[in-house]
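The values are calculated or read from the model by the stated rules, or taken from the named source; none is laboratory data. Treat the numbers as computed from the prediction; the structure is a model and nothing was measured. All Cβ positions, glycine included, derive from the backbone under ideal geometry; neighbour counts span all protein chains shown. Accessible surface is based on the protein model in full, side chains and every heavy atom, while ligands, DNA and RNA are left aside. Shrake-Rupley method; radii C 1.70, N 1.55, O 1.52, S 1.80 Å.
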Amino acid sequence: MSSKVIVAQTARRRARKSATANLKDVPSLAEFVHRRTVLHQYRSFLKCIHSIPKEDEKQRNHMRVEVKERFLTLQHETDSLTIQMAIKEGDRRLAQLQSMVGYTPTSA
């Protein structure tokens, strides 16, 4: 066998091993849905905070920091029940914040 053929076969084996190793990092459907939901909720909070008048910049910054810290504390949570409860709590707080600032989300 020529050295070119051996090099090509070795490269294919490495590529196959690399591809299967990357599959271990793929999240499950439930994890994907949780991530999408959490990101949507986080963005909704930021949009709502952005709708606060610029005169209240101190309040806006305080709320932005508070939301960020809350999300970061639960960032590495893996328990499905805890994640679901945090999402429900976030939905409740988001609705409360939206009613306080008079923000109405637009449908996309």
Legend entry - Selection within the range 66-98 - open to solvent by less than 90 Å² (accessible area, probe 1.4 Å) and over 17 Å from the mean Cα position of the chain (by Cα): Ala95, Leu97, Gln98
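Please go through the range 77-108 and pick out each residue that is of a type in the set (Val, Ile, Thr) and within 15 Å of Val67 (Cα to Cα).
As a first pass, look at the range 77-108 and keep what is of a type in the set (Val, Ile, Thr): 78, 82-83, 87, 101, 104, 106.
Across the range 77-108, the qualifying residue is only Ile87.
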Inset, instruction - Please list, ordered by first then second residue, the pairs with beta carbon atoms under 8 Å, 6 or more apart or interchain, first in the range 88-108 and of a type in the set (Ser, Thr, Tyr), second surrounded by 10 or more Cβ atoms within 10 Å (Cβ to Cβ). - result: Tyr103/Lys47; Tyr103/Cys48; Tyr103/Ser51; Tyr103/Leu97; Thr104/Gln98
Inset, instruction - Look at Met63 and say whether it is in a helix (DSSP H, G or I) and open to solvent by 90 Å² or more (accessible area, probe 1.4 Å). - result: no
Legend entry - Within the range 58-83, considering residues that are at pLDDT below 90 and polar (S, T, N, Q), the one nearest to Leu97 (Cα to Cα): Gln75
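One line per residue, one yes/no per condition, for (1) within 29 Å of Ser28 (Cβ to Cβ); (2) part of a helix (DSSP H, G or I):
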position	(1), (2)
Asp56	no, yes
Val67	yes, yes
His76	yes, no
Ala95	yes, yes
Inset, instruction - Any residue in the range 37-57 that's over 11 Å from Val101 (Cβ atoms): show its pairings with residues that are outside any helix (DSSP H, G or I) and open to solvent by 60 Å² or more (accessible area, probe 1.4 Å) at Cβ separation under 8 Å, as long as the two are six or more apart or on different chains. - result: Ser44/Pro105
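Might you check whether a residue that is open to solvent by less than 100 Å² (accessible area, probe 1.4 Å), touching a Leu at 6+ places or on another chain (Cβ under 8 Å) and among the aromatic types (Phe, Trp, Tyr) occurs anywhere in the range 32-45?
Going through the range 32-45, the residues open to solvent by less than 100 Å² (accessible area, probe 1.4 Å) turn out to be 33-34, 37-39, 41-42, 44-45.
Now drop any that are not touching a Leu at 6+ places or on another chain (Cβ under 8 Å), which leaves 41, 44-45.
Then drop every residue that is not among the aromatic types (Phe, Trp, Tyr), which leaves 45.
Scanning the range 32-45 turns up at least one residue that is open to solvent by less than 100 Å² (accessible area, probe 1.4 Å), touching a Leu at 6+ places or on another chain (Cβ under 8 Å) and among the aromatic types (Phe, Trp, Tyr).
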Legend entry - Pair list, Cβ < 6 Å and 6+ apart or interchain, from the range 59-79 residues that are at positive phi to residues that are at pLDDT 95 or above: none
Legend entry - Number of positions in the range 81-108 that are of a type in the set (Asp, Glu) and in contact with a Cys (Cβ under 8 Å, 6 or more places away or on another chain): 0
